[in-house]
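Colleague: What follows is a single structure, and I will ask about it in a moment.
Derivation of every value follows stated rules applied to the coordinates shown; laboratory data play no part. Since the model is a prediction, treat every value here as computed from it, not as a measurement. Every residue, glycine among them, receives a Cβ derived from its backbone with ideal geometry; neighbour counts consider all protein chains shown.
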DNA sequence: CTAGGGTTAG
């Protein structure tokens with residue numbers, strides 16, 4: 001399930017990324033210097049073309065990039081190693097990995113740069129497996145991988161099922177070749193180990209590395225944070241400052257996230273003053289992390305202050321704030337804020353904004369309003385609800401006692417109900433004592449995760465409340481037979 | 001003249 005979400009998320013990121021970066025200022029500079037391309041007097045040299053291609057890769061300027069490719073063919077630059085490598089990189093960065101591979105295959109000779117470009121291309125296109133296969137192929141070729149290659153190969157192991165072993169193997173190669181003093185390599189290794197929950201290996205490597213730069217510290221701090229060692233993240237942050245390394249906006253975001261999960265307002269406020277001192281409050285990522293930190297820390301008013309003081313607000317900031325109100329039980333204020341956002345008409349709400357709004361309705365028990373907002377999504381904003389918004393609506397109906405409507409929605413929606421949906425539905429079945437629907441929900445949950453005792457327990461509870469003691473005994477037998485581990489405080493019939 | 005690291009936010 002986690003893997004599936006990751007793929008979906010990857011797609012969303014890709015789309016957003018293309019939209020945000022499709023044309024930035026530097027591209028126009030490149031365009032001007034290339035004015036010769038369309039038959040004007042000065043012909044661009046191969047050096048200019050190469051720099052322009054790099055620029056196209058960075059700014060995702062697809063149009064100019066393919067134009068240059070065509071020009072390369074016309075001008076006989078097709079076999080230039082530098083230009084071809086840049087072309088591989090361009091196609092890969094623009095998510096046209098098939099074209100990148102085609103260019104690579106058509107090259108008469110390869111060098112570490114062309115190999116690395118394609119390996120990295122597979123990696124950033126979410127094809128870590130192919131990236132690693134290509135790396136293996138490279139090892140069999142005449143060309144030896146360098147630091148750049150290792151960084152790309154190691155990054156390919158992140159989020160790739162079963163790639164932890166590859167990461168360790170790559171680490172061994174790195175040590176053998178003496179690349180373990182390179183900070184680029186070290187930071188990618190730390191991130192990979194942390195990603196797989198092997199925080200011990202990450203710590204070991206971090207400790208062995210001398211002359212660590214800010215990114216290596218950032219990797220380790222976020223590694224701690226990801227693995228819920230938030231206190232260690234804060235400690236390392238302090239240590240980093242003692243070493244006179246000055247935090248970047250990345251550092252501030254990560255450390256604020258750690259403060260959020262610890263719900264520590266005191267430290268969060270200290271980081272906030274540092275944010276102001278560094279002038280990072282303008283960075284929307286940092287501002288967002290601040291709002292989230294104050295919300296989770298229980299100071300929703302200070303969260304609102306941050307939002308008010310941020311001049312360039314985007315939809316994510318508003319959404320975080322709405323979610324903050326929703327989660328602390330101030331549903332009406334969440335909806336007021338949302339209406340305020342709508343009246344400004346500067347920003348357009350997206351699916352996640354509606355998740356926040358529906359969460360607010362859910363926590364406040366506003367069934368009618370929830371349904372209204374859910375319908376508005378499609379009619380007024382042309383959005384198609386994804387599984388998260390359906391989950392809110394289903395939960396809204398179920399919590400209000402309309403279990404059959406909730407169940408019907410699960411059938412009607414264009415998604416398969418996930419674990420979260422069945423699980424919240426089961427809770428509602430428990431509240432309203434619905435044996436039939438409760439049994440179905442529990443069966444689905446057990447099928448999805450056979451080792452979790454919770455659905456057995458809840459169903460047994462529903463049976464017990466109806467005096468169905470034979471069924472309670474059956475549940476007990478199943479748990480025993482299937483050797484399901486019970487956690488502390490676990491009992492057959494809860495005492496309300 | 002070509003390739004590489006860290007949250008890419010809710």
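Colleague: Return the FRET efficiency for the residue pair residue A:305, residue A:181: r is the Cβ-Cβ distance, R0 is 56 Å, and the value is rounded to the nearest 0.05.
Modeller: Plugging the Cβ-Cβ distance into 1/(1 + (r/R0)^6) gives 0.80.
Colleague: Something else about it: In what order do A:458, A:379 fall by count of nearby beta-carbon atoms within 10 Å, going from fewest to most?
Modeller: With the sparsest Cβ surroundings first, the list reads A:379, A:458.
Colleague: Follow-up. When a/c is below 1.5 the answer is rounded, else prolate if a/b is larger than b/c, else oblate, so apply that to the stretch A:254-364 with a ≥ b ≥ c taken from the square roots of the Cα gyration tensor eigenvalues.
Modeller: oblate
Colleague: Place the peptides A:362-369, A:338-345, A:89-96 in order of packing, highest mean first, counting for every residue the other Cβ atoms within 10 Å and averaging per peptide.
Modeller: Most protected by this proxy first, the peptides run A:89-96, A:362-369, A:338-345.
Colleague: So if I take the centroid of the Cα atoms in the stretch A:263-337 and the same for the stretch A:361-423, what is the distance between those two points in Å?
Modeller: 27
Colleague: Of A:242, A:376, A:430, how do they rank once you tally other Cβ atoms within 10 Å and put the fewest first?
Modeller: Least crowded to most crowded, the residues run A:242, A:376, A:430.
Colleague: How would you classify the stretch A:326-472 from its alpha-carbon gyration tensor, with a ≥ b ≥ c the square roots of the eigenvalues: rounded for a/c under 1.5, else prolate if a/b is greater than b/c, otherwise oblate?
Modeller: prolate
Colleague: Taking only Cα atoms, what is the 0 to 90° angle, nearest 10, from helix A:112-124's long axis to the longest principal axis of chain A?
Modeller: Taking the Cα atoms of chain A, the angle to A:112-124 is about 20 degrees.
Colleague: Would you please give the FRET efficiency between residue A:443 and residue A:465, computed as 1/(1 + (r/R0)^6) with r the Cβ-Cβ distance and R0 = 22 Å, to the nearest 0.05?
Modeller: Calculated value: 0.75.
Colleague: Gain in length, residue A:481 to residue A:405, computed as 0.36 nm per residue apart minus the alpha-carbon separation, to one decimal in nm?
Modeller: 23.8 nm
Colleague: Would you please calculate the Kirkwood hydrodynamic radius of chain A over all C-alpha pairs and express it in Å, rounded to one decimal?
Modeller: 26.4
Colleague: When a footprinting reagent is the concern and you count Cβ atoms within 10 Å, what order do A:138, A:220 take, fewest first?
Modeller: Ranked by crowding around the Cβ, least crowded first: A:138, A:220.
Colleague: 222 nm [θ] for chain A, helices only, -39500 (n - 2.57) per DSSP H run of 4+, per residue, to 500?
Modeller: Details: 28 runs with 360 residues, N = 496.
Taken over chain A, the calculation gives -23000 deg cm²/dmol.
Colleague: What percent does the relative contact order of the stretch A:56-179 come to when contacts are Cα pairs within less than 8 Å and at least six residues apart?
Modeller: 18
Colleague: With r as the distance between the Cβ atoms of residue A:312 and residue A:419 and R0 = 45 Å, compute the FRET efficiency 1/(1 + (r/R0)^6) and round to 0.05.
Modeller: On the way: r = 38 Å, r/R0 = 0.84.
For R0 = 45 Å, the calculated efficiency reads 0.75.
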